[in-house]
Structures are given as structure tokens and as C-alpha cells.
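Peer 1: The following block contains the structure, expressed as C-alpha cells.
The values are calculated or read from the model by the stated rules, or taken from the named source; none is laboratory data. Given the structure is predicted, the values throughout are model-derived calculations rather than measurements. Cβ: placed from backbone, ideal geometry, glycine included. Neighbour counts: every protein chain shown. Note: accessible area is taken over every heavy atom of the protein model, side chains too, but ligands, DNA and RNA are not part of it. Shrake-Rupley method; radii C 1.70, N 1.55, O 1.52, S 1.80 Å.
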Amino acid sequence: MMEISHLSVTYPNGIKAVTDANLMLSPGEIVALVGESGSGKSSLLYASLALLPRGSKTSGEVFLDGMNFLSLPHDRKRQFRWKKVSLVLQGSMNSFTPVLAMERQFVEAMQEHLNMKETDAAARAGELLEEVGLDRKFLRRFPHEMSGGQKQRCAIAMALCCSPDYLLADEPTTALDVITQAEIIDLLKRIVKARNMGMLMVTHDLALAASIANKISVMHRSRIVETAERDRIINDPKHPHTASLIRSLRTMEEEH
Ligand SMILES: Nc1ncnc2c1ncn2[C@@H]1O[C@H](COP(=O)(O)OP(=O)(O)O)[C@@H](O)[C@H]1O
Ligand SMILES: [Mg+2]
């Protein structure tokens with residue numbers, strides 16, 4: 001179980017981006033964190049892994065298997081980040097080093113975090129690519145030789161390389177076209193199920209959230225204003241802000 005408890009974030013410039021957020025994530029469960037731009041979703045995600053810029057203030061706890069991650073020493077945090085909880089970032093498909101073939105990038109990550117021998121790491125990289133629906137010959141490619149969707153598949157494979165229990169994804173499909181978006185969403189669903197991982201997915205897109213999540217949390221002006229099962233949020237929103245998000249969704253559907 002991953003539990004975010006009373007998490008608050010203040011940036012060095014004084015902006016309070018997250019206020020008293022609570023969120024629970026169980027193995028095999030997908031929770032979507034939805035809200036408009038600037039509501040604090042990314043801040044919550046980064047804060048929960050202690051990845052905010054220097055000088056930011058975070059209070060609250062993030063329990064992973066009963067331990068408060070935020071109170072662990074620096075080294076332990078680093079281990080937890082790849083092995084317990086892993087990240088797929090907004091635009092992470094652009095985060096690969098342009099001058100290295102994919103195989104090198106996987107091997108280096110696995111050597112660093114898993115202490116693996118080069119040949120074992122390369123073999124495992126091939127398996128990971130196949131798991132995300134890419135032929136292992138993509139390992140020979142450079143980032144610029146792949147489409148946005150293929151790079152995002154690689155980013156997901158990379159996030160899986162230390163077999164984490166939880167995956168945190170920040171707008172993992174926002175930069176992609178609609179068809180590719182749907183493919184990546186299907187892939188994430190399949191992986192979460194096959195590996196019995198918990199996934200927290202941040203998105204500004206309520207329709208997308210509804211297409212993937214078991215549970216939805218709605219964020220508004222730094223606060224989580226409502227959390228419930230997907231169907232309850234969509235059919236019977238309790239908070240006025242959730243209701244207005246759903247109304248705009250229905251209006252968009254009618255206009256199409
Ligand atoms: N590094 C930062 N330094 C200062 N303020 C920031 C920083 N990152 C985000 N903010 C501010 O925090 C608020 C929440 O931003 P963010 O978490 O990125 O929202 P979202 O992901 O929902 O779009 C916004 O007002 C934003 O301008
Ligand atoms: Mg964001």
C-alpha cells in the first residue's frame with residue numbers, strides 16, 4: 001500500500017501548490033489525479049517522491065509498506081525510487097540521451113540500480129521492450145529514430161526495469177496523438193494488471209482518467225476536493241468543481 005497523508009507543498013517563491021492532500025494506492029489499482037492546469041497535480045506527484053526543487057517545503061508523510069519515505073535518508077530514497085516506486089514523466093520520451101542507442105541507456109540504468117552484468121542487463125532490456133510491445137531490435141535505435149509513441153513505450157519499459165511496486169505517471173500521453181494515446185493507455189492498463197502494480201496517473205483530461213482509472217481524485221486549487229470510485233465520480237459528483245468538470249466533458253461530447 002502507498003499512502004500519501006496530509007501532504008502540503010510550498011515552493012521557494014511562496015506558492016502553496018499542495019494543501020493537505022490524502023491519497024491511497026493499492027496493488028493492482030489505478031488512481032487518476034485529475035484537475036485543471038496549475039491545480040497542483042505534478043507538485044503532488046514530485047513531492048511524494050521528494051523530487052521538488054531545492055528550497056521547497058514539504059510536510060506530511062508518504063507511507064510505503066508502512067515506512068515514511070519522506071523521512072528516509074537520501075540513499076534509501078534513491079533505492080526506493082527505482083525499486084519501489086518509479087516515474088513516467090510528462091514528456092519523458094524526450095528525456096533519453098540523444099547520442100546513445102537505447103540499449104546503452106537501459107544497460108546503464110540497470111547497472112547503476114541493479115548492479116547487473118552488461119550481458120544480463122542487455123538481455124533484460126530486450127524482455128522489457130517486448131513487454132511494452134516493441135521488438136527488441138529497437139534497442140539498436142537512437143531516440144530520434146523512434147516515434148513519440150515508441151519513445152513513450154521505451155520510457156515505460158525503463159520505469160519497469162527495477163520491477164517497482166508502484167508507478168507514478170505525470171500526463172504520460174498528453175504529448176501524443178489520440179490513437180497513440182489510446183494504445184499507451186491500453187498498455188499501462190495491461191502492465192498494471194500483469195504485474196499487480198499500483199499506478200497513480202496525473203492527467204488534466206477527465207475523459208482519459210475515466211477510461212483507465214478505478215478511482216479518481218479531483219484536484220482544485222491545491223486541494224484534493226473529492227475522491228471516489230470512477231463510476232461514482234462520473235455519475236454522481238458531490239463537489240461542485242467535479243460537477244463542473246463533468247458538465248464540460250458532456251458539452252464536449254455533444255459538440256462532437
Ligand atoms: N518549480 C516551481 N516553482 C514555483 N512554483 C511552481 C513550480 N512548479 C509549479 N509551480 C506552481 O505551483 C502551482 C501548481 O503547479 P503544478 O503542480 O505544475 O500544477 P499541475 O500539474 O496541476 O498543472 C502553479 O501555481 C505553478 O505555477
Ligand atoms: Mg502538471
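Peer 1: Looking at this model, which pairs from K16/K57; K84/K215; K84/K137; K77/K189; K16/K41 are more than 18 angstrom apart at the alpha-carbon? Don't jump to the answer; show the numbers that get you there.
Peer 2: Values: K16/K57 9 Å; K84/K215 21 Å; K84/K137 28 Å; K77/K189 27 Å; K16/K41 12 Å.
With Cα atoms farther than 18 Å apart: K84/K215; K84/K137; K77/K189.
Peer 1: Run through segment 1-110 and list the trypsin sites (Lys or Arg not before Pro) located in a DSSP loop whose Cβ has at most 12 other Cβ atoms within 10 Å.
Peer 2: Values: sites: K16, K41, R54, K57, R76, K77, R78, R81, K83, K84, R104; in loops: R54, K84.
Loop-located and lightly packed - R54.
Peer 1: Then there is this: Could you let me know the centre-to-centre spacing of segment 197-256 and segment 135-154, using Cα atoms, in angstrom?
Peer 2: So the two Cα centres are separated by 32 Å.
Peer 1: Related question: Suppose all protein chains stay in the model; what accessible area per residue would a 1.4 Å probe give for segment 1-94, in Å²?
Peer 2: Per-residue accessible area for segment 1-94 comes out at 46 Å².
Peer 1: Just grab the label-to-label distance for E108 and R190, each label 7 Å out from Cα along the Cβ direction, in nm (one decimal).
Peer 2: 2.9
Peer 1: Further question on the same structure: With the full set of protein chains in place, find how many percent of the accessible area of the chain is carbon and sulfur; take the probe as 1.4 Å.
Peer 2: It is 50 percent, rounded to a whole number.
Peer 1: Based on the Cβ-Cβ distance of D231 and D65, what FRET efficiency does E = 1/(1 + (r/R0)^6) give at R0 = 30 Å, to the nearest 0.05?
Peer 2: Efficiency computed from Cβ-Cβ geometry: 0.50.
Peer 1: In addition: Looking only at segment 139-181, which residues have a backbone nitrogen under 19 Å from a spot 7 Å from the Cα of M252 in the C-beta direction?
Peer 2: 170-181
Peer 1: For the chain, what does the helix formula give at 222 nm: sum of -39500 (n - 2.57) over DSSP H segments with n ≥ 4, over the residue count, nearest 500 deg cm²/dmol?
Peer 2: -12500 deg cm²/dmol
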